[in-house]
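Right, one structure below, let's go through it.
The values are calculated or read from the model by the stated rules, or taken from the named source; none is laboratory data. Please read all numbers here as calculations on a predicted model, not as lab measurements. Cβ sites come from the backbone with ideal geometry, for glycine too, and all protein chains shown count toward neighbours. For accessibility, only protein heavy atoms count, side chains too; no ligands or nucleic acids. Shrake-Rupley method; radii C 1.70, N 1.55, O 1.52, S 1.80 Å.
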Amino acid sequence: MERQILKKKLISAILVMTLLLGTAAALVFEPVVATTTQPGTGAGSDVTIFVNGNLLYSDVAPVIIDGRTMLPLRAIFEALGALVDWNGNTRTVTAVRGDVTITLTIGQSVLYKNGQAIALDVPAMISNDRTMVPVRAVAESLGANVDWDGSARVVNIDLPNDYYDDAYEYEYDYFIQNIAADFEQRVFELTNAERERHGLAPFIWNDALARAARVHCEDMAESNISGHRGSDGSMPWDRIGREGLQYRTAAENVANGLMTPESVVESLMNSQVHRANILNVNHTHLGVGLYYSESSEWRTYVTQKFASLRNP
């Protein structure tokens, strides 16, 4: 099946259960089509971004700064198949795709591609607590062609047919060697950081919940499905029960197609229903599961299992 990297779909559902009753709600990100204001003109402008004809999805709309379209760093880098890291101490963004490494620092009008400096018309910047980067500069540095249709207010990014091929093997090896062992723990730590930031007690890690989460991730990948219903028709409470757990409340978050723990937690916290799970005062335990399959539609599958356990 053709890989659909651009769709980075976040399955947004809340499943808060008692032993007898379950409820569910779903949310899918809307396309990036939003009204922005160009500084100095006061004029509104609807900006839409396409990558190889596919609408680029993001939870934050693009903005136009000094005539340049800016987008949250993870939205554009991950749409172009790059692994992203943010260093808050140096305020530096590092993105890797295959043998290309891109580095940007907030406020500096230069981008480095494999150590070679490339001048920027507009530097990376912080806007509304999000790191915004210039779309054209980022895309072209990764080998894409960029066209701006001023009359339609559309940015078209065109990638070569073999654009992703040279990065697949690298990314898989990178995951296995550097990420898989620590990915789940990092998601757990970042989730607890959000809890503590909101004055809540941190979650307690539970191995059984983590096993149930991993089972669901693998099932989604191998069955090429995405959501809360398993290939055998099972639902989240079924998978928790199979681990021999009894609970007062439980919930599940699923986030597929995201390449870093930071992007997983950031996306979940930007979704109201996922955020409610993370900040639910009744949940005391958490298990995180990850599965990676290069041949599946979303490639990375992450599940969070929350519960207030009777028998932890």
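Using C-alpha pairs under 8 Å with a sequence gap of at least 6, the mean separation divided by the residue count of the stretch 188-312 gives a relative contact order of 39 percent. Note on residue 117 and residue 68: the model spin-label points, each 7 Å out from Cα along the C-beta direction, lie 1.5 nm apart. Our coupling estimate for the stretch 77-92, obtained by passing each phi through the Karplus curve with A = 6.51, B = -1.76, C = 1.60 and θ = phi - 60°, is 5, 6, 5, 9, x, 9, 7, 10, 9, 10, 9, x, 5, 9, 6, 10 Hz, Gly and Pro reported as x. For residue 234 and residue 311, a Förster radius of 30 Å and the Cβ-Cβ distance give a FRET efficiency of 0.90, rounded to the nearest 0.05. Computed from backbone phi, the HN-Hα couplings of the stretch 46-52 come to 8, 10, 10, 10, 10, 10, 6 Hz, rounded to whole numbers (Karplus: 6.51 cos²θ - 1.76 cosθ + 1.60, θ = phi - 60°; Gly and Pro given as x). Placing dummy labels 7 Å off each Cα toward the beta-carbon, the span from residue 282 to residue 204 is 1.8 nm.
May I ask you to give the percent of accessible area on the stretch 213-312 that is carbon plus sulfur, with a probe radius of 1.4 Å?
Working: 1490 of 3400 Å².
Roughly 44 percent of what the probe reaches on the stretch 213-312 is carbon or sulfur.
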